[in-house]
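S.K.: Below are the structure tokens for one structure; questions will follow.
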Amino acid sequence: MTQEVQIQANIFSSLITRFSNYQNEAVGALSNKIQALHFDFYYGKFQALNDLSLAIKERSITALIGPSGCGKSTFLRAINRMHDQNPTARAAGRIFLDGQDIYGPFTDPLLLRRRVGMVFQRPNPFTLSIFDNVAYGLRVAGWKDKKRIAERVEEVLHQAALWNEVKDRLNHSGLGLSGGQQQRLCIARTIAPKPEVILMDEPASALDPISTLKIEETMFELRQEFTIIIVTHSMQQAARVSDETAFLLMNAETRAGELIEAGPTDQIFTNPQDKRTEDYISGRFG
Amino acid sequence: MITQASNYKQRKIVDQFMRGLMVGATILALIPLFLILGYVIFRGASSLSLAFFTEAYKAPQMSLTGDVQSAGGVLHGIVGSILIVGASLLFALPIGILAGVFLAEYPANSVATTVRFATDVLSAAPSIVVGVVAYILIVQRTKQFSGLAGSVALAVLMIPVITRTTEEILKLVPHTVREAAIALGTPKWKTTFTVVLPAATSGIVTGALLAFARATGETAPLLLTVLGNNNLGYSLLEPLAALPLLTYKYTEMPFPELNDLAWGTALVLTGLVLSVNLLARWATRSRLK
């Protein structure tokens with residue numbers, strides 16, 4: 001009996017310690033736009049991410065790099081709770097957005113996604129006109145004034161470097177554009193409702209080099225206004241566009257993704273602290 | 001050279017033989033189609049006239065010389081068919097499309113599994129049985145044969161077709177498009193109605209056209225519900241004429257003139273169903289571009 005009480009007391013005190021540790025870490029982390037703290041992620045019984053803690057600074061571009069299966073896309077999609085569609089997916093630990101727990105009971109995923117937009121690997125315009133594709137998010141967010149919507153659509157099409165190519169055919173189908181144009185249309189659609197964070201899941205991997213260059217130029221422009229997190233398989237792209245880089249790797253035993261190293265992109269690429277980071281960026285594996 | 005293989009000749013012969021077998025079977029399967037089409041056109045084309053499309057039934061009259069004279073047309077059947085099938089589309093389209101949306105967008109629950117199974121059973125139900133059900137549920141209670149009872153019976157036949165085509169088409173809409181809408185903070189129902197359904201419009205139209213074509217040609221459920229009418233009628237609450245019913249009725253008549261009208265009706269009906277089928281194919285093709 002006493003032993004049982006003792007065990008329970010131990011569990012309780014360890015929980016308290018763990019919680020207060022979280023608190024201390026969290027207080028220091030509040031200055032970051034996004035802060036992941038001991039974040040775990042599971043698909044059913046399979047653990048995809050293990051104990052990931054990562055800070056993401058406001059108005060910067062953070063690149064997530066690592067070989068396939070290391071969990072970088074899983075982490076990216078966890079930031080705006082895209083996994084909610086999958087009933088077997090489960091998160092543990094914390095991700096804070098401006099100090100608010102993304103997985104907390106008071107976070108509405110619909111409102112969260114209006115603050116955290118996403119650009120996908122393959123261009124996925126709606127079967128609507130070019131104009132309506134961009135205006136879609138505005139209307140979802142409750143914009144009613146047609147003039148304001150039209151102004152915002154033009155503004156973001158400029159930002160996405162697409163305006164000159166589509167200004168004469170705004171009422172044509174978005175599916176009639178080329179792949180690169182479609183992806184820039186999707187970027188315009190994502191930034192139109194003024195999210196604070198933009199998640200990009202290999203946004204240029206399905207595109208030719210010229211389109212890739214245009215997307216990267218657009219990202220530079222967007223950095224003035226948004227916090228961008230990009231998953232990329234291209235180390236050159238990470239080096240070109242990002243301010244910060246985080247390297248993830250799958251643990252060979254548990255098969256769960258873990259954060260190996262994160263820091264300023266220059267430092268990661270010229271002077272990595274971890275041997276595994278060095279091996280990966282120099283192309284020795286992955 | 002590959003032709004040096006030991007059993008090359010034998011393989012070649014077997015290949016030719018099997019191909020010939022399949023071509024033969026295909027031709028055999030097509031013969032009835034062309035026989036029916038050809039004969040219906042051959043017999044029916046001569047009775048197509050202006051009066052055929054603009055007049056209703058006229059009772060056969062015997063002249064003083066003993067000839068039986070009969071003219072008139074099938075306008076009442078055309079109007080009746082349009083009214084009955086139109087009303088059944090009004091019932092079947094919303095129910096069928098919404099059920100299809102439910103099956104495609106919320107697939108993993110026991111209700112969806114049950115609905116899917118029930119839909120398959122229903123689509124295989126003999127149409128006369130559906131007619132009997134409509135007869136008992138509507139005609140017996142209202143003590144009145146009516147176009148409306150026929151519409152309900154036809155709607156029951158159309159719903160499974162529309163539901164399953166809608167489901168299949170919605171499954172073809174790429175998941176990434178749904179994700180794009182969800183990532184903008186769109187609620188699921190809104191994603192379905194503003195993004196997924198518009199992307200699948202032409203496919204759903206195809207399903208509706210096929211269901212329409214099937215319902216237009218149905219005769220058995222109409223016999224028990226719509227009954228038939230010799231006069232031009234516009235009220236769905238009364239017995240109406242319908243093209244398949246006229247074909248059935250005029251074929252039995254002892255007057256050759258009316259038999260000719262039956263052939264004409266058959267031609268109109270076949271042409272209608274065929275052109276709707278072709279229209280459906282055309283709609284599907286333009287979707288794939």
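S.K.: For the stretch A:180-228, which residues satisfy the criterion of being of a type in the set (A, V, I, L, M, F, W, C), surrounded by fewer than 20 Cβ atoms within 10 Å (Cβ to Cβ) and part of a loop (DSSP other than H, G, I, E, B)?
M.R.: Selection gives A:Ala206 alone.
S.K.: Take B:Arg43 and tell me if it is over 17 Å from B:Phe255 (Cα atoms) and basic (Lys, Arg).
M.R.: It is false that B:Arg43 is over 17 Å from B:Phe255 (Cα atoms) and basic (Lys, Arg).
S.K.: Also: Sort out which residues of the stretch B:83-111 are within 14 Å of chain A (Cβ to nearest Cβ) and either at pLDDT 95 or above or touching a helix residue (DSSP H, G or I) at 6+ places or on another chain (Cβ under 8 Å) (or both), and write them in order of number.
M.R.: B:Glu105, B:Tyr106
S.K.: Could you check the stretch A:156-182 and list, in sequence order, the residues that are at pLDDT 95 or above and closer than 27 Å to A:Leu97 by Cβ?
M.R.: Across the stretch A:156-182, the qualifying residue is only A:Val156.
S.K.: Does A:Gly66 fit the bill of being in contact (Cβ under 8 Å) with a residue 12 or more places away in the chain, in contact with a Leu (Cβ under 9 Å, 6 or more places away or on another chain) and either surrounded by 23 or more Cβ atoms within 10 Å (Cβ to Cβ) or of a type in the set (Asp, Glu) (or both)?
M.R.: On the way: in contact (Cβ under 8 Å) with a residue 12 or more places away in the chain: yes; in contact with a Leu (Cβ under 9 Å, 6 or more places away or on another chain): yes; either surrounded by 23 or more Cβ atoms within 10 Å (Cβ to Cβ) or of a type in the set (Asp, Glu) (or both): yes.
So A:Gly66 passes the test.
S.K.: Which of the residues spanning the stretch A:193-223 are within 17 Å of the chain's Cα centre (by Cα) and either more than 19 Å from A:Arg81 (Cα to Cα) or free of Cβ contacts under 8 Å to residues at least 60 places away in the same chain (or both)?
M.R.: Of everything in the stretch A:193-223, those that are within 17 Å of the chain's Cα centre (by Cα) and either more than 19 Å from A:Arg81 (Cα to Cα) or free of Cβ contacts under 8 Å to residues at least 60 places away in the same chain (or both) turn out to be A:Lys194, A:Ala204, A:Ser205, A:Ile215, A:Glu216, A:Thr218, A:Met219, A:Phe220, A:Leu222, A:Arg223.
S.K.: Would you check if there is a residue in the stretch B:42-54 being under 30 Å from B:Leu240 (Cα atoms) and in a strand (DSSP E or B)?
M.R.: no
S.K.: Are there any helices (runs of 4 or more DSSP H) wholly within the stretch A:55-140 with 2 or more residues that are in contact with a Lys or Arg (Cβ under 9 Å, 6 or more places away or on another chain), and if so which?
M.R.: Answer list for the stretch A:55-140: A:109-115, A:130-140.
S.K.: Suppose we keep only residues that are out of contact with any strand residue (DSSP E or B) (no Cβ under 6 Å at 6 or more places or on another chain) and in contact (Cβ under 8 Å) with a residue 40 or more places away in the chain within the stretch A:239-282. Which one would you say is nearest to A:Ile228 (Cα to Cα)?
M.R.: A:Ile281
S.K.: Here's a follow-up. Test of understanding: among B:Thr247, B:Thr219, B:Thr194, B:Thr201, which residue is closer than 25 Å to B:Arg43 by Cα and either surrounded by fewer than 20 Cβ atoms within 10 Å (Cβ to Cβ) or among the aliphatic types (A, V, I, L, M) (or both)?
M.R.: On the way: B:Thr247 fails: either surrounded by fewer than 20 Cβ atoms within 10 Å (Cβ to Cβ) or among the aliphatic types (A, V, I, L, M) (or both); B:Thr194 fails: closer than 25 Å to B:Arg43 by Cα; B:Thr201 fails: closer than 25 Å to B:Arg43 by Cα.
Sole residue among the options that is closer than 25 Å to B:Arg43 by Cα and either surrounded by fewer than 20 Cβ atoms within 10 Å (Cβ to Cβ) or among the aliphatic types (A, V, I, L, M) (or both): B:Thr219.
S.K.: Do we have A:Glu151 as in a loop (DSSP other than H, G, I, E, B) and either of a type outside the set (Ser, Thr, Tyr) or within 30 Å of A:Phe269 (Cα to Cα) (or both) here?
M.R.: No.
S.K.: Can you work out which of the residues in the stretch B:93-122 that are surrounded by fewer than 16 Cβ atoms within 10 Å (Cβ to Cβ) and among the small types (Gly, Ala, Ser) is nearest to the chain's Cα centre (by Cα)?
M.R.: Among residues in the stretch B:93-122 that are surrounded by fewer than 16 Cβ atoms within 10 Å (Cβ to Cβ) and among the small types (Gly, Ala, Ser), the one nearest to the chain's Cα centre (by Cα) is B:Ala118.
S.K.: What's the number of the condition A:Ala92 fails, among (1) away from chain B (no Cβ under 14 Å); (2) under 27 Å from B:Val177 (Cβ atoms)?
M.R.: (2)
S.K.: Could you check, for the stretch A:140-154, whether at least one of its residues is at the interface with chain B (Cβ under 9 Å from one of its Cβ atoms) and not hydrophobic (A, V, I, L, M, F, W, C)?
M.R.: In the first step, residues of the stretch A:140-154 are kept if they are at the interface with chain B (Cβ under 9 Å from one of its Cβ atoms); the result is A:140-141.
After this cut, where a residue has to be not hydrophobic (A, V, I, L, M, F, W, C) as well, the list is none.
No: zero hits.
S.K.: Within the stretch A:100-132, restricting attention to residues that are of a type in the set (Gly, Ala, Ser) and farther than 28 Å from A:Thr232 by Cβ, which residue is surrounded by the most Cβ atoms within 10 Å (Cβ to Cβ)?
M.R.: A:Ser129
S.K.: Within the stretch A:122-131, work out how many residues are over 17 Å from B:Thr201 (Cα atoms) and more than 8 Å from chain B (Cβ to nearest Cβ).
M.R.: Adding up the residues that qualify gives 3.
S.K.: Within the stretch B:172-271, which helices (runs of 4 or more DSSP H) (wholly inside it) include 1 or more residues that are within 10 Å of chain A (Cβ to nearest Cβ)?
M.R.: B:175-183, B:188-191, B:201-217
S.K.: What is the number of the single condition among (1) without any contact (Cβ under 8 Å) to a residue 40 or more places away in the chain; (2) out of contact with any Gly (no Cβ under 8 Å at 6 or more places or on another chain); (3) within 14 Å of chain B (Cβ to nearest Cβ) that A:Gly174 does not meet?
M.R.: In the conditions (1) without any contact (Cβ under 8 Å) to a residue 40 or more places away in the chain; (2) out of contact with any Gly (no Cβ under 8 Å at 6 or more places or on another chain); (3) within 14 Å of chain B (Cβ to nearest Cβ), A:Gly174 misses (1) alone.
S.K.: Quick one: which of B:Ala112, B:Ala87, B:Ala45, B:Ala108 is in contact (Cβ under 8 Å) with a residue 40 or more places away in the chain, among the small types (Gly, Ala, Ser) and closer than 28 Å to B:Thr163 by Cα?
M.R.: Result: B:Ala87 is the single residue among B:Ala112, B:Ala87, B:Ala45, B:Ala108 that is in contact (Cβ under 8 Å) with a residue 40 or more places away in the chain, among the small types (Gly, Ala, Ser) and closer than 28 Å to B:Thr163 by Cα.
S.K.: Kindly indicate which of A:Ala246, A:Ala238 is within 17 Å of the chain's Cα centre (by Cα), surrounded by 15 or more Cβ atoms within 10 Å (Cβ to Cβ) and either part of a strand (DSSP E or B) or among the acidic types (Asp, Glu) (or both). Give the derivation first.
M.R.: Working: A:Ala238 fails: either part of a strand (DSSP E or B) or among the acidic types (Asp, Glu) (or both).
Matching residue, one of A:Ala246, A:Ala238: A:Ala246.
The values are calculated or read from the model by the stated rules, or taken from the named source; none is laboratory data. Keep in mind the model is a prediction, meaning the values are calculated, not measured. Positions of Cβ are generated from backbone atoms using ideal geometry, with glycine treated the same way; all protein chains shown enter the neighbour counts.
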